[in-house]
Amino acid sequence: MNSIKSFLKDVRDNNYKVPNGTDIDQVVHEMIKHIGSIDDELRDKLIYGTLYRWIMNQELSIELVRQVLYVTLDDDHLFYGIGDNDQDTVFTRSFSALFIPLALHYNDIFNYLTEHEYEYIYSRMTLYFELEKDFRGYILDKGWAHSIAHAADGLDSISAASYYSQKHLLVILELIGEKACVNNYYFINDEDERMAEVVIQIVKRDILMKDILINWVQQLGGIERLEIYPQYDIIRGNIKNLLRSVYFKLLNISGSEDITKEILKTLNQL
């Protein structure tokens, strides 16, 4: 681990240039082996940071990106320890999810994904978002886990891709609403902002009828008023924060007045 960390520090210090003679395929696969490291500098700043820069600089072959995509989506990465809510396995899941936007960005440039691969990405990411139970954001001495924010980034990229249809977007919208209704964790690390971005992306696609979006807002406002605390306050707070984030982002989108009006009405009822 120290050797890959030292190598990536040198790469970072050299403005992320790939050193001459580097077997970049071997290096990237070694990076993925440590994608869930509890060393936040290695995991977040060096591995993710380098992958991000190499993707943006188009340093990786399409075949390598495809290989990493399949690895990050597999049971030993995106679903590693799924169901845990206080274990270090969350880092592997969360940072595997963060590769999806990079892979989809590469597809915007090179158009390499097949129909099967589009569907596979969608099925794995939506299932992961549904099943993730570890909602922690920042973990002392270990850095960002941020699983829901990272998964939302993946769903945001999926929602933006023209391949995905009304059917796909409707499921994603419902999943965002369901995740806002958790009653055992109060999201405090901007998860509402990242989930709201998914909703905004869906609105921008303009392929779902406004009635569907208005009904989604109404459903969120229709939670059962249980006199069970703190659970009721947690779910109510999570819903209000998501709706507020969506509301303010919608103010920059013309033609969304009907939705913002419904959000205000719903917030006043909660």
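Report yes if GLU59 is more than 14 Å from GLY36 (Cα to Cα) and open to solvent by less than 40 Å² (accessible area, probe 1.4 Å), otherwise no. So GLU59 fails the test. Filtered by the rule that a residue be more than 14 Å from ALA103 (Cβ to Cβ) and surrounded by fewer than 20 Cβ atoms within 10 Å (Cβ to Cβ), segment 120-129 gives SER123, THR126, LEU127. Residue-level analysis places ALA97 among those that are over 20 Å from ILE24 (Cα atoms) and either at pLDDT 95 or above or in contact with a Ser or Thr (Cβ under 6 Å, 6 or more places away or on another chain) (or both). Assess whether PHE91 counts as being aromatic (Phe, Trp, Tyr), surrounded by 16 or more Cβ atoms within 10 Å (Cβ to Cβ) and outside any loop (DSSP other than H, G, I, E, B). So PHE91 fits the description; yes. So which residues in segment 221-270 are open to solvent by less than 30 Å² (accessible area, probe 1.4 Å), closer than 18 Å to ILE188 by Cβ and without any contact (Cβ under 8 Å) to a residue 40 or more places away in the chain? Matches in segment 221-270: LEU243 only.
Scoring ILE35 on the criteria (1) open to solvent by 60 Å² or more (accessible area, probe 1.4 Å); (2) farther than 22 Å from SER162 by Cα leaves a single failure, condition (1). When TYR106 is tested against (1) among the hydroxyl-bearing types (Ser, Thr, Tyr); (2) more than 25 Å from ALA180 (Cα to Cα); (3) open to solvent by 10 Å² or more (accessible area, probe 1.4 Å), exactly one condition is not met: (3). On inspection, MET1 qualifies as surrounded by fewer than 21 Cβ atoms within 10 Å (Cβ to Cβ), among the aliphatic types (A, V, I, L, M) and either at positive phi or at pLDDT below 95 (or both).
Is it true that some residue in segment 112-122 is at pLDDT 95 or above, in contact with a Ser or Thr (Cβ under 8 Å, 6 or more places away or on another chain) and of a type in the set (A, V, I, L, M, F, W, C)? Within segment 112-122, not a single residue is at pLDDT 95 or above, in contact with a Ser or Thr (Cβ under 8 Å, 6 or more places away or on another chain) and of a type in the set (A, V, I, L, M, F, W, C).
The values are calculated or read from the model by the stated rules, or taken from the named source; none is laboratory data. Remember, predicted model here, so these are calculated numbers, not experimental data. Because the Cβ atoms are built from the backbone with ideal geometry, glycine has one as well, and the counts that use them run over all protein chains shown. Quick note on the areas: whole protein, heavy atoms, side chains included, nothing else; ligands and nucleic acids left out. Shrake-Rupley method; radii C 1.70, N 1.55, O 1.52, S 1.80 Å.
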